[in-house]
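> A single structure is presented below for examination.
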Amino acid sequence: MREAESSRIAAIQGYLVRKFPGWTVDHHQETTDTKLEVFTIIGGPTSQTFKVKFAGDFLEECDPPQIEQILEQWQVGDFLKLSGFWPILVTRAGLHSLR
């Protein structure tokens, strides 16, 4: 993993850990037609599971401080909590539910 990509992943991880304190945040890469960075967040009183996927365009166009700022502005943590079982996709254009 390139250093720039690694720092972007760390920025996302840091944001999710702050928004979900005490929860487990796992990361893996998913490749279908495009490469996605996938984070699974597990915890809470009922061992809830949330999943958020980050598109390459979002990661390529944002540096780590921008990533954290955008995730905060878009309230990704709150959006995940409201999404229930459905994963969300983060692209440069915004948040998308993957129902």
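The values are calculated or read from the model by the stated rules, or taken from the named source; none is laboratory data. The shown structure was predicted, so the numbers you read here are calculated from the model rather than taken from an experiment. We place every Cβ from the backbone using ideal geometry, glycine too, and count neighbours over all the protein chains shown. We work out accessible area using only protein heavy atoms, side chains counted, and drop any ligands, DNA or RNA first. Shrake-Rupley method; radii C 1.70, N 1.55, O 1.52, S 1.80 Å.
> Which residue out of 31, 91 is of a type in the set (Ser, Thr, Tyr) and in contact (Cβ under 8 Å) with a residue 24 or more places away in the chain?
Every option except 91 fails the conditions.
> Here's a follow-up. Return only the number of the condition from (1) out of contact with any helix residue (DSSP H, G or I) (no Cβ under 8 Å at 6 or more places or on another chain); (2) open to solvent by less than 80 Å² (accessible area, probe 1.4 Å); (3) at pLDDT 95 or above that residue 43 does not satisfy.
All conditions pass for residue 43, except number (3).
> Mind checking which residues of segment 53-65 are open to solvent by less than 70 Å² (accessible area, probe 1.4 Å) and free of Cβ contacts under 8 Å to residues at least 40 places away in the same chain? Walk me through it before giving the result.
Here is the first cut: in segment 53-65, the ones open to solvent by less than 70 Å² (accessible area, probe 1.4 Å) are 53-59, 62-64.
Matches in segment 53-65: 55, 56, 57, 58.
> Give me a count of the residues in segment 73-95 that are over 13 Å from residue 20 (Cα atoms) and either open to solvent by 70 Å² or more (accessible area, probe 1.4 Å) or acidic (Asp, Glu) (or both). Working first, answer last.
Filtering segment 73-95 for residues over 13 Å from residue 20 (Cα atoms) gives 73-74, 82-95.
If we keep only those that are either open to solvent by 70 Å² or more (accessible area, probe 1.4 Å) or acidic (Asp, Glu) (or both) too, we end up with 73-74, 82, 85-86, 92-93.
Residues flagged as over 13 Å from residue 20 (Cα atoms) and either open to solvent by 70 Å² or more (accessible area, probe 1.4 Å) or acidic (Asp, Glu) (or both) within segment 73-95 amount to 7.
> Another question, then. What number of residues in segment 24-40 are touching a strand residue (DSSP E or B) at 6+ places or on another chain (Cβ under 8 Å) and open to solvent by 30 Å² or more (accessible area, probe 1.4 Å)?
Selection size over segment 24-40: 8.
> Return a yes/no flag: does segment 60-74 have any residue that is of a type in the set (A, V, I, L, M, F, W, C), within 13 Å of residue 15 (Cβ to Cβ) and modelled with pLDDT under 90.
Checked segment 60-74: at least one residue is of a type in the set (A, V, I, L, M, F, W, C), within 13 Å of residue 15 (Cβ to Cβ) and modelled with pLDDT under 90.
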